[in-house]
Every structure is written in C-alpha cells, then in structure tokens.
C-alpha cells in the first residue's frame with residue numbers, strides 16, 4: 001500500500017504529489033522536467049518534503065512529526081545510470097548494503113540474484129571492466145539484496161537492455177515487493193505497471209489503472225502526455241464531430257489515432273495530406289472540416305483494401321464511446 | 001610539427017633546470033659533505049623543518065580538507081568570496097604572511113594566551129598559513145569531480161551519511177587530496193620568509209633548512225650552503241618518489 005501526499009518548494013517551483021493505491025506496480029509517467037525524479041528522491045529521503053506524509057506498506061517514512069533518515073528507510077533505489085561505485089568490484093558493490101547495515105548475508109539469496117541476473121562471472125571485475133548491461137544487472141542485484149521495503153526505478157531501462165524490465169518484474173513478484181517506475185517511455189510504463197500516475201509540472205495530476213488512464217483520462221494535459229494527437233477544444237469539435245452534447249463543463253474532445261477507421265459509410269470526409277509508414281501501421285495526417293488536422297493510425301493489414309495516396313479523399317468514422325471528453329487542468333488548478 | 005615543437009620546449013626547459021642542479025655539483029665536495037653531516041645545527045634544522053612542516057600539513061588536513069569539501073558543495077556568492085580569499089596566501093609573498101602573523105602574535109590578547117613567537121608552534125602556524133591553499137584547492141577540485149549520486153546510493157543502501165561520504169566521495173577523491181597534502185608539505189618544508197619572521201631562525205632551535213642555508217650563504221659559507229641545498233633536493237626527490245610509488249600509484 002502506497003499513500004503519499006507531499007509538498008515541496010524548490011527554487012520557486014512548487015512540487016505537489018498525492019497518490020494512494022493498493023497496487024504494487026506503479027509507473028510515474030510524464031515528460032522530462034515534470035518532476036518525476038524529484039518525486040522518487042522525496043520518497044527515498046534524498047530530499048525532504050516541506051510537509052505531508054509518506055506511508056509505504058505501513059512504514060511511515062515522513063509525516064509532520066518525524067522523518068526517517070534515508071539510510072533507515074531501506075529503499076532500493078536504481079537511478080538512471082545505475083551508478084555502481086567505480087572503486088569497488090561488482091561483488092563489493094552488491095554486498096555494500098549488507099555490510100553498511102551490518103546484517104548477515106543471506107548467501108542463498110545472493111546466489112539466487114547473481115545467477116538470475118547472470119553476473120556470477122563478473123563478481124571480481126570493476127564496473128569499467130564490464131558491459132553496460134552487466135552494470136545494470138549488478139545494480140539491480142545490489143538494490144534487491146538489502147531486502148528493501150520498496151524499489152524505486154528512475155528510468156533505469158532507458159539506456160539499455162529492455163528485456164531486463166521483465167527480469168525485474170519477475171524478481172519483484174518473487175520478493176513480493178512494491179515498485180515505482182519513473183519513465184517517459186509509454187510502452188515501458190504500460191508493460192510494467194498496474195497503475196499509471198501522470199506527472200505534469202511537478203504534480204501528479206491523475207492516476208489509476210492502466211486501462212482507465214489510457215482510455216478515459218480526465219485531463220487534456222494527460223491526453224497530451226499520452227501522446228494523443230487528435231485533441232480539439234470542445235466547441236470546435238462540436239462543429240465537425242457527430243456527437244451529442246454531453247456536459248458543458250468539458251473543455252476538450254480527443255480521440256486516439258487508432259480508434260479512427262476508414263469506412264465508405266464514414267460520416268467524416270477527410271483529405272489525406274501525408275502518409276508515414278511505421279513497423280505495424282501507417283500514420284495518416286488528414287484534413288477535415290474547418291481546416292482541422294486529424295491523425296489516423298491504420299494497420300498494414302487493413303490499408304491494402306483502400307486506395308491511399310496524398311490528396312486522396314476518404315471517409316472516416318469512429319465509435320462514439322472512443323471519444324474522450326476532457327477538462328483543462330490548468331483552468332481549474334492554476 | 002606542433003608535436004615536435006612542444007617536445008623541444010619541454011626538453012629544453014627540463015635541461016635548463018637540470019643544468020642548474022648539475023652546475024651546483026661543481027662546488028660539492030665530499031669533505032664539505034662530511035662536515036655538514038657532523039654539524040648539529042644542520043641535523044637540527046632538518047628535524048625542525050620536518051617537525052613543523054608535518055604539523056603544518058596535519059593542520060591543513062584538519063582544516064583545509066573539510067573547507068575544500070564545503071566549498072565544492074556550496075556555490076553561493078559568499079562562499080565564492082571565501083574561496084577567492086583563501087587564495088591570498090598563494091598570491092602574496094610568504095614574508096607578508098609572516099609580517100601579519102608576527103603582528104597578530106605580538107598583540108596583547110594573543111600574548112596573554114600563549115607566546116607563539118620563536119616557537120615550534122609559531123613556525124607551524126606560519127607554514128600552515130602559507131601552504132594550506134594547496135590542500136584546499138586540490139581537495140575542492142577533487143570533491144567537485146565526484147557526483148553526489150554515489151553518496152546518495154550508499155545512503156539508500158543503509159550507510160549513515162558519514163559512512164557514505166567516506167566510502168564514496170572521500171575514497172574517490174583521495175588521490176587529489178594526497179597530492180594537495182604533498183604539495184602543502186613540500187611548501188611548508190621549504191618555507192622561508194614567514195617562518196623566519198615568526199620563529200626568528202635561532203640556530204639549532206627554530207631554523208629550518210631554508211633558513212640554515214640562507215644564513216650560511218650570507219655568512220660567506222657558499223660551499224656549505226650549496227651542499228646543504230643539494231642534500232635538501234636529494235631528500236625531497238627521494239621522499240616525493242616514495243610517496244608517489246606507495247600512495248598515489250597504489251590508489
């Protein structure tokens with residue numbers, strides 16, 4: 001169980017994070033500079049909140065009465081460049097936490113980790129003598145060996161081997177350990193998490209189950225962060241999208257590129273402006289009424305049934321329930 | 001072309017320094033060397049020089065390493081001003097440090113507490129003040145090169161803040177710190193102006209090798225002065241080489 005509600009002022013920027021979930025795998029997703037690393041550092045104790053509370057699995061790390069120092073929080077922290085100590089060999093790096101805490105080494109666990117992470121033949125080498133992937137795996141072993149209360153992953157997979165993410169998930173299951181992954185890679189967040197929290201301008205603006213956030217976000221800012229390209233303000237969208245007015249409190253309407261399809265009976269006419277090919281699909285940029293751009297994602301298997309070229313006129317359509325009605329976070333909270 | 005011209009300049013420069021040392025050997029005699037070794041004041045000057053310079057280096061370690069750490073981590077305007085002011089002893093002649101220190105030690109307040117003039121303590125402080133910037137600069141530069149993330153990781157793994165610092169930042173900076181301490185020590189060992197003014201250069205009591213050599217030279221004992229200088233160079237080269245081999249290379 002993770003229950004966090006903290007505030008921190010750093011150089012005129014106000015950070016405010018609030019999340020409460022029973023889920024064990026959380027991804028904090030957001031653009032660079034949105035305060036994701038700051039959040040992890042506040043949880044780890046590397047930075048102290050101005051006020052609020054941090055409760056991880058019943059362990060109160062911080063509240064208005066006390067703040068547990070970093071070295072007593074037992075947080076497994078994996079930073080972006082996985083930072084092994086350069087003057088210690090891999091074995092000393094992995095055992096550092098056990099020695100620092102003066103606890104006896106669980107040899108079975110140590111052997112399990114080094115075998116699982118395939119680093120048993122690197123133990124006597126120094127970080128500069130091993131590959132990036134091996135350094136990454138050694139840092140994971142080091143974080144897991146201290147039997148942490150939570151694992152904090154600060155984009156540790158952005159640099160290298162993506163398959164390590166699966167390995168980490170396996171180790172998390174095995175250790176029955178909660179984890180927070182900070183990332184700006186949406187696929188990574190979806191692959192890893194049960195719950196996604198959206199980081200925007202130093203705040204968690206919304207969080208929830210992965211499906212809920214992906215298909216039914218609350219804010220226009222979330223839709224932007226999720227890289228949804230078709231976002232129009234509500235009044236404009238009403239003119240060219242065939243939907244019934246729902247609630248006048250909404251500010252924007254959005255639809256995912258993959259939720260739009262080509263259909264001869266489609267209610268919206270679209271002129272193709274540009275076609276970009278990707279591995280599994282084509283991304284079509286089109287022009288609809290009112291000179292508005294629309295982006296459509298059509299799988300390779302479907303597109304062969306249509307004549308698609310720059311300048312072609314096509315009919316497009318979508319399911320009504322794939323429309324997302326959004327509010328402006330800034331308008332309400334600024 | 002550029003590579004060769006740089007090489008030529010380096011070799012010429014080195015040859016010039018070597019020439020000066022070799023030239024000194026023309027006045028070196030075995031007889032003079034034996035006389036020198038039998039001169040109690042010479043041996044005492046070495047001991048006094050070693051004692052005061054090592055104590056001054058110890059003071060540098062106690063004060064300049066923490067100050068270097070503080071200035072590496074704190075970059076506010078006031079800290080930058082302090083950083084610049086700490087360079088004053090390098091910029092001004094040591095003699096002026098001696099003048100200021102003598103004036104300070106001569107004040108009634110200090111005198112009522114302890115009389116530093118003509119003492120080992122006074123000479124130590126004089127040498128410390130002229131040599132600490134080398135330790136401070138080297139420590140600060142070394143600490144600046146080590147990212148704080150190592151300490152942070154060590155703390156998340158359960159090490160106390162002090163242990164985290166010693167195990168990571170300090171150990172990773174140790175080469176630079178030792179180089180700074182060696183420079184401070186060498187500077188203290190050869191210190192002249194400030195030590196002479198504060199400690200008075202009393203033969204056999206408060207004179208170090210530099211003062212001993214200077215006094216012999218002005219008394220016309222050229223050969224003795226040159227022989228003592230060569231012995232000093234020999235000692236310095238031996239000690240620095242040993243330190244480099246056993247401490248820096250090992251690191």
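Structure summary
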| quantity | calculated |
| --- | --- |
| Estimated distance in nm for a label pair at residue B:214 and residue A:111, the labels positioned 7 Å out from Cα along Cα-to-Cβ | 7.0 nm |
| Approximate spin-label separation residue A:240-residue B:19, in nm, with each point projected 7 Å along Cα-to-Cβ | 8.5 nm |
| Tensor-based shape of chain B (alpha-carbon gyration tensor, a/c under 1.5 rounded, otherwise prolate or oblate) | oblate |
| Estimated FRET transfer efficiency when R0 is 25 angstrom, pair residue A:99-residue B:141 (beta carbons, to 0.05) | 0.25 |
| Added length on full extension, which subtracts the Cα-Cα distance from 0.36 nm per residue, residue B:76 to residue B:109 | 8.5 nm |
| Cα centroid separation - the range A:24-74 against the range B:30-69, whole Å | 53 Å |
| Inter-label distance for residue A:267 and residue A:1, nm, one decimal - labels placed 7 Å from Cα along Cα-to-Cβ | 4.6 nm |
| Chain B - mean residue ellipticity at 222 nm from DSSP helices (-39,500 (n - 2.57) per run, n ≥ 4, rounded to 500) | -25000 deg cm²/dmol |
| Euclidean distance between Cα centres, the range A:309-334 to the range B:149-217, Å | 69 Å |
| P(r) weight above 21 Å for the range A:223-333, C-alpha pairs, percent | 35 percent |
| Angle between chain A longest axis and helix A:132-145 axis [Cα atoms, degrees, rounded to 10] | 60 degrees |
| Gained length - residue B:9 relative to residue B:33, 0.36 nm times residue gap less alpha-carbon distance | 5.2 nm |
| Efficiency of FRET between residue B:62 and residue A:215 - r from beta-carbon atoms, R0 56 angstrom, step 0.05 | 0.30 |
| Acute angle (nearest 10 degrees) that the helix B:171-189 long axis makes with the longest principal axis of chain B, alpha-carbon atoms | 20 degrees |
| For the protein assembly as shown, convex hull volume per residue from C-alpha positions, Å³ | 260 Å³ |
| Average beta carbon contacts from partner chains per residue of A:141-150, 10 Å cutoff | 1 |
| Modelled FRET efficiency - R0 35 Å, residue A:12 with residue A:248, Cβ distances, 0.05 increments | 0.50 |
| Rounded if a/c under 1.5, otherwise prolate or oblate - the range A:2-215, Cα gyration tensor axes | prolate |
| Net length gained if the chain between residue A:123 and residue A:279 were fully extended (0.36 nm per residue, minus Cα distance) | 52.2 nm |
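Any read-out appearing in this document is the output of simple, stated calculations on the displayed coordinates, not a laboratory observation. These figures come from a predicted structure and were not determined experimentally. Note that we place each Cβ from the backbone using ideal geometry, even for glycine, and neighbour counts take in every protein chain shown.
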